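Structure, as structure tokens:
No value in this document is a laboratory result; all are computed from the given coordinates. This is a predicted model, so every value here is computed, not measured. Cβ atoms come from the backbone with ideal geometry, glycine included; neighbour counts cover every protein chain shown.
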């Protein structure tokens, strides 16, 4: 599929890098670049019989103080984050930004597979579980098991590190968030996974964003590290060459529209116009493999060679090209309103839309006790928060987290099924009825919001790190896992989810995954909307899903004091944290005229708080609302309902209501109704925003506003000043002059905020 569209070129105004032995780009001298590929040594973890050769980067001298990372959190910051910070800092060092430009400077990142931080966390949690199982098998009492487990946590923390920031540090979205915090930019933030097409997807995203006033520049950072042999084996099974030089590192590009560069007096290093990717089965090997950094490496090579074009092949089956010589050619902007033609919620209660609405209307929830299979009580459950433990055994979880036990609507080979993540199987079930809906379109994309490192990736890493575990006085064997085959990579990454959906639906589609912490679904929706508005695609299958109730998440979120001891109650007096939930939702969007529209997306935008990696900032949230509203002619007073992020934390609830007061203050006779689907189905992390949108669409269809029945609202929240109400029973939803209108908030750790306006026409 040819993705070429005629759009204004990108002005490249800054380049920075963190490559082996190279921390500065000298475009007049390519000797250092060429030397990277001259007789590379074997990677230290590769098989001695058939070694993979490459260049690793040493970041031991990383300056934590420069990037304002306190000592407590340093062990939680991944190698990928450290490299990306260095590259972005170098790319921006000669640029002076006004406050207005900072508010519209986006931070987008590309990476592939997991980080060392994610792998350490998985190994710590896995080791505690295996130890508890061994002690159970020896017949020790539950109290004795707990004591032995708690004693083992100390040497485990010394070997792998441990802090309350571990869950934040492992998230791919923390990379652009930390760059934004350092650079004091407040534009949109997200990380995407397009494998070795990641750099091209970043450039296309920036090109699509620059058609709108909420984005005036972007810092695009691609980063890749190679951590262990199993990770390499998964890539080799996908056709990546073992004879190429495997190159670690990060490259950061600062791009903006030409008029912005001219206004700021920034000389353009290059103008990038044509950004093409098309299917091609045959993929000859390049001289090097840099993973998510592959396209940016080719682009750097193009600049060093003073050429006007660069091109390459992706192991995912695409040929791509970037052209810096073509003159700008503008295509008229497509309609800013994007139609939603179908949706599918996925919850712990299943896929039934009628059952979904019943739960919403009646104020029901999916809360249940974790089974020992899903959360080992002896290893993790404690009555009070401790390191590497959970203080609640309640969650809104899928009946099982075992892919083998999950029934599929379509048959699948066992050798494939057992290597996939349970979220992927739920996504396949959720979208199984849509082949005909998608095949009527020619140019299709599939964008999935997800954790970018899934269970197979973390399990393989666990086996590689297992020998480094401290002694536990009893032998600990790593958890069993299937041998690596061609499906292991699909089960390891968020991109794999998108590709599996394309395969099941029988469509040729451009695929990638997005992570923006708990705002991931709205970030993915943002990308889909921008691509459709640019005319890049005819339709996009987009959504988000995550299994948020895994042991790892329960434990690491408990360490941050985020979880409710009982159940989440958004905006309630007794709110004490959130309850994790499994699920999300998927949608089919099109920019073409259609009579099948359930609703239309009026506008979407976002921001970054640039304040704290964990504490919400009302000003940053209000900025996301302001930017979204600026893209729509709809007045704030016409928004009848707002689906809140609503995590049920005292600080989060207070910040969100404060931001709503700034963005949605209105006449007292027309209150803003507020609710949160997390009351019903828990906090689904990357899937949270998708489930919020499913709730609004279901409410549109039924003409009612569902309740958020928390019983006793927090009287200290300034709801009356908006004024706003949180319905405790279902209310009729009257149509306004031109239908029903709603807004949706999606906020994520790292200060990432997205806001969506949606309309149901009469």
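Volume of the convex hull of the chain (Cα atoms only), normalised per residue: 145 Å³.
Once the Cβ-Cβ distance of residue 28 and residue 309 is raised to the sixth power relative to R0 = 22 Å, the FRET efficiency obtained is 0.60. Of the beta bridges in the stretch 141-294, as assigned by DSSP with both residues counted there, near 80 percent are antiparallel. Based on the Kirkwood approach, the hydrodynamic radius assigned to the stretch 344-445 is 16.4 Å, with every pair of different Cα atoms included. Give the Debye-formula value of log10 I(q)/I(0) at each listed q (0.13, 0.15, 0.23 Å⁻¹), with one equal scatterer per alpha carbon of the stretch 422-479, two decimals each. The computed values of log10 I(q)/I(0) come out as -0.59, -0.67, -1.01. Three principal axis extents of the stretch 36-115 based on alpha-carbon atoms, in descending order, are 56, 31, 23 Å.
Legend: P(r) of the stretch 82-170 from all alpha carbon pair distances, 5 Å bins from 0, whole percents, reading 2, 10, 15, 14, 12, 10, 9, 6, 6, 5, 4, 3, 1, 0. Between residue 48 and residue 100, the simple spin-label model (points 7 angstrom out along Cα→Cβ) gives 6.5 nm. Dividing the summed helix terms, -39500 (n - 2.57) for each DSSP H run of n ≥ 4, by the number of residues in the chain produces a 222 nm estimate of -9500 deg cm²/dmol to the nearest 500.
Each peptide in 293-306, 356-369 receives the mean, over its residues, of other Cβ atoms within 10 Å, and ordering these scores from highest gives 293-306, 356-369.
In the chain, Cα pairs under 8 Å separated by at least six residues give a relative contact order of 17 percent. Counting neighbouring beta carbons within 10 Å and listing from fewest to most, the residues 749, 309 come out as 309, 749. Each DSSP beta bridge with both residues in the chain is either parallel or antiparallel, and the antiparallel ones are about 65%.
Per the Debye formula with a single identical scatterer at each Cα and no solvent contribution, what log10 I(q)/I(0) holds for the stretch 528-611 at q = 0.10, 0.17, 0.20 Å⁻¹? Result of the Debye calculation: -0.46, -0.90, -0.98.
Projection of the Cα convex hull of the stretch 185-250, averaged over all directions and equal to a quarter of that hull's surface, yields 5.6 nm².
Look at where the Cα atoms of the stretch 440-514 and of the stretch 370-390 average out, and the two centres are 25 Å apart. Computed log10 I(q)/I(0) for the stretch 235-295 at 0.15 Å⁻¹: -0.69, from the Debye equation with unit scatterers placed on every C-alpha and solvent omitted. Applying the Kirkwood pairwise sum to the alpha-carbon positions of the stretch 118-166 produces a hydrodynamic radius of 11.4 angstrom.
The peptide list 509-518, 734-743, 558-567, put in order of mean Cβ contacts within 10 Å with the highest first, becomes 509-518, 558-567, 734-743. Remark: 251, 758 ranked as 758, 251, counting other beta-carbon atoms within 10 Å and listing the fewest first.
Placing a label point 7 Å from the Cα of residue 66 along the Cα-to-Cβ direction, the residues of the stretch 6-43 with a backbone N closer than 19 Å are 14-27. For the stretch 134-285, taking the reciprocal of the average inverse distance between every pair of different Cα atoms yields a Kirkwood hydrodynamic radius of 20.1 Å.
In what order do 679, 673 fall by count of nearby beta-carbon atoms within 10 Å, going from fewest to most? Fewest-to-most ranking of 679, 673: 673, 679. Taking 0.890 mPa s as the viscosity and 25 °C as the temperature, the Stokes-Einstein diffusion coefficient of the stretch 572-622 based on its alpha-carbon Kirkwood radius rounds to 156 µm²/s. Placing a pseudo-label 7 Å from each Cα along the Cα-to-Cβ vector at residue 279 and residue 635 gives an inter-label distance of 5.0 nm. Just to verify a number: FRET efficiency for residue 325 and residue 237, C-beta to C-beta distance, R0 = 30 Å, to 0.05? For residue 325 and residue 237, the calculated efficiency is 0.20.
By the Stokes-Einstein formula, at 0.692 mPa s and 37 °C, the stretch 618-762 with its Kirkwood radius over alpha-carbon pairs has D equal to 216 µm²/s. Equivalent ellipsoid of the stretch 653-710: semi-axes from √(5λ) of the C-alpha gyration tensor, largest first, are 21, 16, 10 Å. Packing, as the average of other Cβ atoms within 10 Å across residues, places the peptides 372-382, 32-42 in the order 372-382, 32-42, highest first.
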